[in-house]
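What follows is a set of notes on a single structure, which appears directly below.
The values are calculated or read from the model by the stated rules, or taken from the named source; none is laboratory data. These figures come from a predicted structure and were not determined experimentally. Glycine also receives a Cβ, built like all others from the backbone with ideal geometry; neighbour counts cover every protein chain displayed. Surface accessibility is based on the protein's heavy atoms, side chains included, excluding ligands, DNA and RNA. Shrake-Rupley method; radii C 1.70, N 1.55, O 1.52, S 1.80 Å.
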Amino acid sequence: MIRTSKKHNKQSAAALFIAIVVFLGSILPYLQPAYAQEVAPELTPTPFLTNSTSENIEVPEDLSTISPTPAAEAQTPPVESSSLSTLLSTITPAVKKTPQSARLKRGTKFSALARKSYQAHEKIRLGIEKDVENTVTLAMVSPDGKVLPVPHTEESAGELTTFVITPPQAFIPGRYQILITDSTGETFTQDFTWGVLAINTNKSIYAPNEKVYAMMGVLNEQGSTICDARLTLTITQPDGQNSILSTEQGDIKIHEDCKLKAYTPNPDYYTTFQSGTQGTYTLELSAETTNGSYVVQDRFEVRESVPFDIERSGPTRIYPPKSYDVEITVKANEDFSGYIEETTPFDFTIIKNETSPHDIEEVTRLSTSGKVLGTSTAIVGMPFDGETVVTTKFGTQYDADHLNDNLVVQGLKGHDGIDFALEEGTKVKSVDAGTVLHADVNPYGKTVIVEHSWGTTYYGHLSAITVQIGDTVTKGQEVGISGSTGNSTGPHLHFALSPHGTGVHNGYGGMVDPAPYLGIQDGTVLAAQDDLKTNVRVLKWKVDLKKGDTKSLKYSFKAPDISPEFYLLGPLTFKHINTSEVVFQEIRKWQIAADADVTIDSAAVLGTSRGMRNTVFISTLVGYHFFIDNDSDLSYLKTTDGGASWTGLTDIKASETILGFDVWYDKWTTGDTGTKIHIWYFGTGADDIIYESLDTANNDTQTSEVIAFNGTTAVAGRGVFVSGAKMRGGNLYVAFDIDAGAEKGVRRSTDGGSNWTIRYTTGTTDTIIEATVDQSLVFPGNEADNQDMWLLYHDASTNELTLKVHDDSANSTSESANIVTLAEKHHRRHRSIWLCGLNSA
């Protein structure tokens, strides 16, 4: 039997105690989450080097050089903890793994972002190392302070999960904050700017020793254009050598149009330099501003040969009320037969350029189920309980001509909402929380309009309205009872939806298809889907190119009247004609900023135009926008800063339902130096054509109302329109049809609008306005007789546009040869025709 002394026992105990302490010290980082009540976790977890976790982990490129620096100090508006917890509780955890048997849990580690600034097209990669039993939730705070879920994908390699956040085709530029929380309550935040610096190069792939044209734009964190930034562009060649260009040295120029808050095709900053040998060239653009410093990276390639040489021309910054041209020149270095595709934001209105020999096919594509960054995260509910069927889909054109004629009157391409087969007496509910904007008759019989944080919804043909204007409603709250009031063929609910920023000239009065928001499948309403869908618009050209051919692909776009916003175009993609296999693609997207200095008054956005011409700029800075508001009043707004702001809402005609109008500015007439805006409009009150004028040189004083045509039975039937202009000799003309052909004609004033006389009207032998739905746009005539009048005339019976020439002296009219023959039913879309006609005038 071996005995030990007490001294030896004490030494053994001490050694055991030291061993235990060492062991506990080695596992302490893993015990912190499990014993959070005893050991308080750090407020900001220490970022880690991602390549130190395991030799076998494949490290994402963007994370491989991250230094363990603290997260940037948050600059975004503070988020209420209660609202954040509420949001996070509704978001599906981003990482889920099967729990293992009981063991010691490890703490969660988050990597710092590789950079503090990203371009609009750049993906953001965030590495997370975590215990397998922990779940992680991502959210993001946008520049306007909204908490958003994050559309992302995940890449796993061993213990490392990388979150890849992909930017949508359109989002708000500025400072964002990522919020990451794991199931232990540990939270990590990281700030970064997204889209405040933009750089476009005229090509994404160059030949050796080719001239590179670089265009740049700078925004502050609120999305406003900066024109005094100190820019430095560092170009790193494939061999590692650097070239540095800067505004300080004069290599980077600042265009004089940078401060212009109006249309300009010129970039704010620009420079040129020469490419070298083949390889990848890195561009690092840094900006020093009064608000801080920003750095982004981009690239282009130089190759000895490419199957297609692509050069782009387009805007880097836009003024939203105006349309912009995009031209893509393609030189084929090999034969190609197939489709060339261009991707644009869904909310862009595409205007096909007639100078391009290629027809553009528009395709709406559902691109992702994630939320759009910078927009509402509200999940839209259903406007009623239970199930029913859709009787009329969005965009439908009817078999019955009189129904299509109603669309023509409203200036619509097709049905502007969805009709649900609801029995009369069914409760109709708001699809989301909001404020009641309208609760009265029109535009769809008894109608309720609710404004939400993300857009506006319409509930039409109700038998009863159960809310009042100004009421605050919750999601699912009753707003009315279904019925069949107004222009209705039977009991149903007409539901329409207009997200904020959708242009009223999109062909549907600013409405979009509600189906993706409501989860409608196979014509049956199921349940509201979990996510709002993000659509893109794809333009397709079918081409047959031979080696050596050069083709120019052109289109114009009109962006929504919202700012700040950032948009991406492209990349241009070549696909095989039979297999749709991608043959070639640009390596980068084109970037466009709409800065925050451009704001459109909500009254004009919510209103409708129903005017042949509605915007007049009398100088670079001063302009007027005429529109019919939601109360059916004819009104205008004025800008004195080139469109940066629109104020001074003024009613021209109130307390009457105005259905159509037109304006003409003196200086639109060749050689005229006058300062008046002439206005003609028609309403259902007196059934008359009224003339007024607005003198822009005399404090906007308007003339009194003058009756240009005294209507008797006018009821605003099919084909209603009013159009006027001033001739070179000073006479005023107005053409009209205000009662389905029963009251139509042309009136003339020879004394500046005080008196109006008949030129042509119903029953004469040479009637200019021939039939119902035929419409005209009036212009000054040729120089042979300075009082002659031209009419761009739409003949619905032959689906043609023609030019009618009125000889004022002889009081006779001749019709020219056909200008263009329209495809079947395209005559229903007359509003777009008139806009094209005006732009070509």
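With R₀ set to 30 Å, the beta-carbon distance separating Glu155 from Thr282 gives a calculated FRET efficiency near 0.80.
Each peptide in 615-625, 199-209, 213-223, 413-423 was scored by the mean count of other Cβ atoms within 10 Å over its residues; highest first, the order is 213-223, 413-423, 199-209, 615-625.
The local environment of Thr701, defined by Cβ-Cβ distances under 12 Å, has a net charge of -2 under the rule Lys, Arg +1 and Asp, Glu -1.
The residues neighbouring Phe273, those whose beta-carbon lies less than 10 Å from its own, together hold a net charge of 0 under the Lys/Arg +1, Asp/Glu -1 convention. Rounded to a whole number, what % of the accessible area of the stretch 429-521 do carbon and sulfur atoms account for, probe 1.4 Å? Ligands and nucleic acids excluded, carbon and sulfur give 49 percent. If the segment from Glu815 to Glu478 were pulled out straight at 0.36 nm per residue, it would be longer than the present Cα-Cα gap by 115.7 nm.
Mind scanning Lys413/Lys540; Lys261/Lys726; Lys116/Lys589; Lys547/Lys575; Lys322/Lys589 and naming the pairs with a C-alpha gap bigger than 27 Å? From Lys413/Lys540; Lys261/Lys726; Lys116/Lys589; Lys547/Lys575; Lys322/Lys589, over 27 Å: Lys261/Lys726. Suppose R0 equals 45 Å. What FRET efficiency, 1/(1 + (r/R0)^6) with r the Cβ-Cβ distance, do Asn578 and Glu387 give to the nearest 0.05? Taking R0 as 45 Å, the efficiency between Asn578 and Glu387 is 0.60. Once backbone amide H atoms are built at 1.01 Å from N, Ala708 has Ile689, Ile690, Tyr691 as its partners under 5 Å, excluding neighbours fewer than 5 places away on the same chain.
Near Thr396, the amide H atoms lying under 5 Å from its own belong to His415; only residues 5 or more places off or on other chains count, and H is placed 1.01 Å from N. With q set to 0.21, 0.27 Å⁻¹, the log10 of I(q)/I(0) for the stretch 252-333, from the Debye formula over equal scatterers at the Cα positions, is -1.23, -1.31. Each peptide among 109-118, 575-584 gets the average number of other Cβ atoms lying within 10 Å of its residues, and from highest to lowest they stand as 109-118, 575-584. Scanning residues 5 or more positions from Gly455 or on other chains, those with amide H under 5 Å from its amide H are His500, with H placed 1.01 Å from N in the peptide plane. With a simple spin-label model that places each label point 7 Å from the Cα along the Cα-to-Cβ direction, the separation between Ile587 and Ile758 comes to 7.4 nm. Residues in the stretch 674-737 average 32 Å² of solvent-accessible surface per residue, probe 1.4 Å, ligands and nucleic acids excluded.
Rounded to the nearest whole Hz, the Karplus-based 3J(HN,Hα) values (6.51 cos²θ - 1.76 cosθ + 1.60, θ = phi - 60°) of the stretch 221-229 follow the sequence 6, 9, x, 8, 5, 10, 10, 10, 6, with x at glycine and proline. Stretched out straight at 0.36 nm per residue, the stretch from Glu800 to Thr550 would grow longer than its current Cα-Cα span by 86.7 nm. In this structure, Cys227 and Lys542 have a Cβ-Cβ separation that, at R0 = 45 Å, corresponds to a calculated FRET efficiency of about 0.60. Coupling constants for the stretch 261-269 follow from the phi torsions by the Karplus curve (6.51 cos²θ - 1.76 cosθ + 1.60, θ = phi - 60°), and in residue order they are 9, 7, 5, 7, x, 8, x, 5, 10 Hz; glycine and proline get x.
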